[in-house]
1. Kindly list, by first and then second residue, each pair from a residue in segment 6-19 that is closer than 16 Å to Glu39 by Cβ to a residue that is at pLDDT 70 or above and surrounded by 10 or more Cβ atoms within 10 Å (Cβ to Cβ), limited to pairs with Cβ atoms under 6 Å and residues at least 6 apart or on different chains.
2. Report whether or not Asn148 is within 25 Å of Leu37 (Cβ to Cβ), of a type in the set (S, T, N, Q) and part of a helix (DSSP H, G or I).
3. For the condition surrounded by 14 or more Cβ atoms within 10 Å (Cβ to Cβ), farther than 24 Å from Ser11 by Cβ and modelled with pLDDT under 95, what is the one hit in Ala65, Ala140?
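The values are calculated or read from the model by the stated rules, or taken from the named source; none is laboratory data. What you see is a predicted model, and the numbers here were worked out from it, not measured in a lab. Glycine also receives a Cβ, built like all others from the backbone with ideal geometry; neighbour counts cover every protein chain displayed.
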Amino acid sequence: MIGNFKDILASAQNWINLVIVEIRADAGLMNDRVTHLQEIKDRVLAFAKERDWEQFHAPKNLSMAIATEAAELMEHFLWQSPEASRTNMDEAKVRAKVEEELADVFIFAIEFANMTGMDITTIIDAKIKRNAEKYPVEKAKGRSVKYNEL
C-alpha cells in the first residue's frame with residue numbers, strides 16, 4: 001500500500017513540476033541560469049509523448065535526426081570565413097535561424113538520452129574528464145591538433 005502511495009505521489013510531483021516548467025516557459029522565464037537540465041529533458045519527453053512519437057524514436061532514427069539538424073546548422077555558415085561566421089551571428093535574422101537549428105540539435109540529442117536512459121550530466125562529466133587526460137593544458141593550450149599529435 002505504501003509503495004503504491006509513493007508511486008502516486010512521485011507521479012503527481014512529476015506532473016506538478018512539468019506544469020510549473022510550462023508556466024515558466026509561457027511566461028518567458030526559462031534560461032540557462034535558472035532552468036535545470038531535468039526540466040528540459042522532461043519537457044522534451046512530454047512533447048514526444050503527447051504526439052505519440054516515441055514509437056519513432058529509436059537510437060538509429062534519433063542519431064540520424066541529430067546529424068540532419070547539425071547539417072542544417074552548418075548550412076548557415078557554408079563557404080564563409082571564420083570571421084564572417086562570427087559577424088553573421090550579430091544579424092538578428094541569421095541568429096534566429098541558427099538558434100532554431102541549434103535547438104533542433106539539442107532537442108534530438110536530449111530525446112536520444114531520454115530514449116536510451118542516458119544521464120546527460122554524467123556522460124558529459126565523464127567525457128570532459130577523458131578529454132582532460134587526452135589534452136593536458138601544458139600540451140594542448142592554443143593548439144588544435146588531435147591528442148595523438150601533441
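1. Here the result reads Leu18/Asp42; Leu18/Ala46, each pair linking segment 6-19 to a residue that is at pLDDT 70 or above and surrounded by 10 or more Cβ atoms within 10 Å (Cβ to Cβ).
2. Values: within 25 Å of Leu37 (Cβ to Cβ): no; of a type in the set (S, T, N, Q): yes; part of a helix (DSSP H, G or I): yes.
So Asn148 fails the test.
3. Details: Ala65 fails: modelled with pLDDT under 95.
Of the residues listed, the single one that is surrounded by 14 or more Cβ atoms within 10 Å (Cβ to Cβ), farther than 24 Å from Ser11 by Cβ and modelled with pLDDT under 95 is Ala140.
Conditions (1) small (Gly, Ala, Ser); (2) at pLDDT 85 or above; (3) not assigned by TED's automatic domain parsing to the domain that holds Ala113, marked per residue:
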| site | (1), (2), (3) |
| --- | --- |
| Gln13 | no, no, yes |
| Asn17 | no, no, yes |
| Ile20 | no, no, yes |
| Asp26 | no, no, yes |
| Met30 | no, no, yes |
| Thr35 | no, yes, yes |
| Gln38 | no, yes, yes |
| Ala46 | yes, yes, yes |
| Glu50 | no, yes, yes |
